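J.: Sending over a structure as structure tokens; questions will come in a sec.
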Amino acid sequence: MADGRFVIQRHHATSLHFDVRLEIDGVLVSWAVPKGPSTDPAQRRLARRVDDHALSHIDVEGRLGTGTVIVWDTGTYDLRTEGTAADALANGHLTVALHGVKLAGGYAFIRTGGDAWLLIKTKDKDADPGRDPARDENASVLTGRTNDDYV
């Protein structure tokens, strides 16, 4: 059984970024990842911790304020860290296994200071250094629409 749900929303506002959100303790714990998640374990992606969102935000798509949002990926995750997810967040090192449409396998969130974290793909069978889904796979997994469809 999965520990929770996750969603990654491709958000095009003043700049394009990906909002990675994990369901933890009744909210969506969130990071803004400017370059999007990678499937290459050699890539370290900056992930800025941002405000938590309500669970009702898990399937939000469309035009929001000055930007557009699509559900780029969604699914469930399993915790791969000892203890609870809340403990791992407090300690600054959370590892999960994603079971999504576009992303699968292990991902580590590592705090480097303040609200700055790194998002790193773990070395496992789902690692693929030759694939760049954040660049090449830009349609919603729910509707097939892109951010441009909501402009």
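Nothing in this text is a laboratory measurement; each read-out follows from the coordinates by a stated rule. In this text, all values refer to a predicted model and were calculated from it rather than measured experimentally. Here the Cβ positions follow ideal geometry from the backbone for every residue, glycine too, while neighbour counts run over all protein chains shown.
J.: Identify, by number, the condition in (1) buried (at least 19 other Cβ atoms within 10 Å of the Cβ); (2) part of a helix (DSSP H, G or I) that Phe18 doesn't meet.
T.: All conditions pass for Phe18, except number (2).
J.: On the basis of being surrounded by 19 or more Cβ atoms within 10 Å (Cβ to Cβ) and either in a loop (DSSP other than H, G, I, E, B) or small (Gly, Ala, Ser) (or both), does Thr39 make the cut?
T.: Yes.
J.: With Asp51, Asp25 as the choices, which residue is loosely packed, with under 15 Cβ neighbours inside 10 Å, in contact (Cβ under 8 Å) with a residue 60 or more places away in the chain, acidic (Asp, Glu) and touching a Ser or Thr at 6+ places or on another chain (Cβ under 9 Å)?
T.: So the residue among Asp51, Asp25 that is loosely packed, with under 15 Cβ neighbours inside 10 Å, in contact (Cβ under 8 Å) with a residue 60 or more places away in the chain, acidic (Asp, Glu) and touching a Ser or Thr at 6+ places or on another chain (Cβ under 9 Å) is Asp25.
J.: Looking at the stretch 54-69, which of its residues are surrounded by 16 or more Cβ atoms within 10 Å (Cβ to Cβ) and either in a helix (DSSP H, G or I) or touching a Ser or Thr at 6+ places or on another chain (Cβ under 8 Å) (or both)?
T.: Within the stretch 54-69, His57, Ile58, Glu61, Gly67 qualify.
J.: Mind counting the residues in the stretch 81-92 that are closer than 21 Å to Phe18 by Cβ and surrounded by fewer than 16 Cβ atoms within 10 Å (Cβ to Cβ)?
T.: The number of residues fulfilling the criteria is 1.
So that you can scan it fast, the table gives a plain yes or no per residue for (1) in contact with a Cys (Cβ under 7 Å, 6 or more places away or on another chain); (2) assigned to a strand (DSSP E or B); (3) of a type in the set (Val, Ile, Thr):
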| residue | (1), (2), (3) |
| --- | --- |
| Val7 | no, yes, yes |
| His11 | no, yes, no |
| Ala32 | no, yes, no |
| Lys35 | no, no, no |
| Leu46 | no, yes, no |
| Val71 | no, yes, yes |
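J.: Sticking with this one: Within the bounds of the stretch 104-114, is there any residue that is among the aliphatic types (A, V, I, L, M) and in contact (Cβ under 8 Å) with a residue 40 or more places away in the chain?
T.: No: the stretch 104-114 contains no residue that is among the aliphatic types (A, V, I, L, M) and in contact (Cβ under 8 Å) with a residue 40 or more places away in the chain.
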